[in-house]
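K.L.:
Dropping the structure in here first, questions after.
The values are calculated or read from the model by the stated rules, or taken from the named source; none is laboratory data. Quick caveat: nothing in here was measured; it's all calculated off a predicted structure. In this analysis, Cβ positions are derived from the backbone assuming ideal geometry, glycine residues included, and neighbour counts consider all displayed protein chains. When the accessible area is computed, the model is the full protein with side chains, heavy atoms only, and any ligands, DNA or RNA have been set aside. Shrake-Rupley method; radii C 1.70, N 1.55, O 1.52, S 1.80 Å.
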Amino acid sequence: YARESKTAVIIGAGPIGLETAAALTKLKLKVTIIEALPRLLPRQLDTAAAGLMKKELEEKFGFSFFLNSQCQEITGNGKATGVLLATGQVIPGDLIIVSAGIRPKLDLAKAIGLKTERGIAVDEHMETSRSGIYAAGDVAEFNGMVYGLWPAAQQQGEVAGVNMAGGKQEYGGTVPSNALSILGINVMSAGDIDVEGKHQGLVKEDKANYTYRKYVVSNDILIGTVLLNDIRGGGEIMGAIRQKKNVLPYKDAILQDSFDFKSLS
């Protein structure tokens, strides 16, 4: 279908939406991306990094973005012709792809009286509000968080399975992490990316080369990172976040190109 199309509209600027847009760009389609939140990759990038990546995608690959935009309907009669925004503007598109994330299906849980919020509420044993019933993966909400990530689903499923079989295992949360490459633009992020600026951020940005490195520190502990187009030491950095590494001795050096990331191990 894409080969017969000239324009595409992607609803959702998360990893899958951008990867799909990149694939369609390689097929010579003109791509427009609509995102309800004010930045692309909202779970992976802070405002500065997202702005830098947006600029690179626009300047190098001709992407168009409508951020902070709400979709009202897909237009057309029998065949899509575009997307109508809440502002009344119609974005033309021969091909419309929705990549708008996950939403837990809660009908069964509600029907049997389980506690639900955005997902099915679970405790550290992955047990729901009713004894003997467990939930894990994209449907489960732990400490107010629906992770929507494969590693979290894996860990939660293991804990639920062990406890259902009579064992005793606890889940303490998952450090979210992502690594992706879109048209040669490399992104890595992990932990708390601190969009609101509540913690100390050690930042190095090179707008001319579209590179950005950020280390989020709380009480001298490394709790998050955002790396764009300069992902050196990514594995060691993510390991340090999981280990709650004290980075006080490295604060003055960690942004230097000569820094040895093995020292974080």
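K.L.:
So, in region 118-149, of the ones that are outside any strand (DSSP E or B) and touching an Asp or Glu at 6+ places or on another chain (Cβ under 6 Å), which residue ends up farthest from K168 (Cα to Cα)? Spell out the reasoning first.
P.N.:
Residues of region 118-149 that are outside any strand (DSSP E or B), as a first pass: 118-119, 123-126, 128-133, 135-139, 143-144, 146-149.
Those left that are additionally touching an Asp or Glu at 6+ places or on another chain (Cβ under 6 Å): 118-119, 124, 148.
Details: R118: 26, G119: 23, E124: 10, G148: 24 Å.
Taking the candidates together, the pick is R118.
K.L.:
Scan region 161-173 and tell me whether some residue there is under 21 Å from the mean Cα position of the chain (by Cα), surrounded by fewer than 18 Cβ atoms within 10 Å (Cβ to Cβ) and within 25 Å of A240 (Cα to Cα).
P.N.:
Quick first cut of region 161-173, residues under 21 Å from the mean Cα position of the chain (by Cα) only: 172-173.
If we keep only those that are surrounded by fewer than 18 Cβ atoms within 10 Å (Cβ to Cβ) too, we end up with 172-173.
With within 25 Å of A240 (Cα to Cα) added as a condition, the list becomes 172-173.
Within region 161-173, one or more residues are under 21 Å from the mean Cα position of the chain (by Cα), surrounded by fewer than 18 Cβ atoms within 10 Å (Cβ to Cβ) and within 25 Å of A240 (Cα to Cα).
K.L.:
Here's another thing I want to ask about it. From the list K55, K60, pick out the single residue that is open to solvent by 40 Å² or more (accessible area, probe 1.4 Å), within 30 Å of K198 (Cα to Cα) and part of a helix (DSSP H, G or I).
P.N.:
Details: K60 fails: within 30 Å of K198 (Cα to Cα).
Only one candidate qualifies: K55.
K.L.:
Can you name the number of the only condition in (1) open to solvent by 20 Å² or more (accessible area, probe 1.4 Å); (2) modelled with pLDDT of 95 or more; (3) within 30 Å of V159 (Cβ to Cβ); (4) of a type outside the set (A, V, I, L, M, F, W, C) that R103 fails?
P.N.:
(2)
K.L.:
Anything in region 30-51 that is open to solvent by less than 10 Å² (accessible area, probe 1.4 Å) and over 18 Å from P176 (Cβ atoms)? List them, or say none.
P.N.:
Matches in region 30-51: V31, I33, I34.
K.L.:
Output the residues belonging to region 82-100 that are in a loop (DSSP other than H, G, I, E, B) and either open to solvent by less than 70 Å² (accessible area, probe 1.4 Å) or in contact with a Pro (Cβ under 6 Å, 6 or more places away or on another chain) (or both). Explain how you work it out, then say what you get.
P.N.:
First pass over region 82-100, keeping only residues in a loop (DSSP other than H, G, I, E, B): 86-89, 93-94, 99-100.
Across region 82-100, the qualifying residues are A86, G88, G93, D94, S99.
K.L.:
Could you grab me the full set of residues in region 101-117 that are among the charged types (D, E, K, R) and assigned to a helix (DSSP H, G or I)?
P.N.:
Residues of region 101-117 that are among the charged types (D, E, K, R), as a first pass: 103, 105, 107, 110, 115, 117.
Result: D107, K110.
K.L.:
Working only within region 175-230, note down all residues that are within 19 Å of the chain's Cα centre (by Cα), open to solvent by 60 Å² or more (accessible area, probe 1.4 Å) and touching a residue at least 12 places away in the same chain (Cβ under 8 Å).
P.N.:
Those that are within 19 Å of the chain's Cα centre (by Cα), open to solvent by 60 Å² or more (accessible area, probe 1.4 Å) and touching a residue at least 12 places away in the same chain (Cβ under 8 Å): A179, D192.
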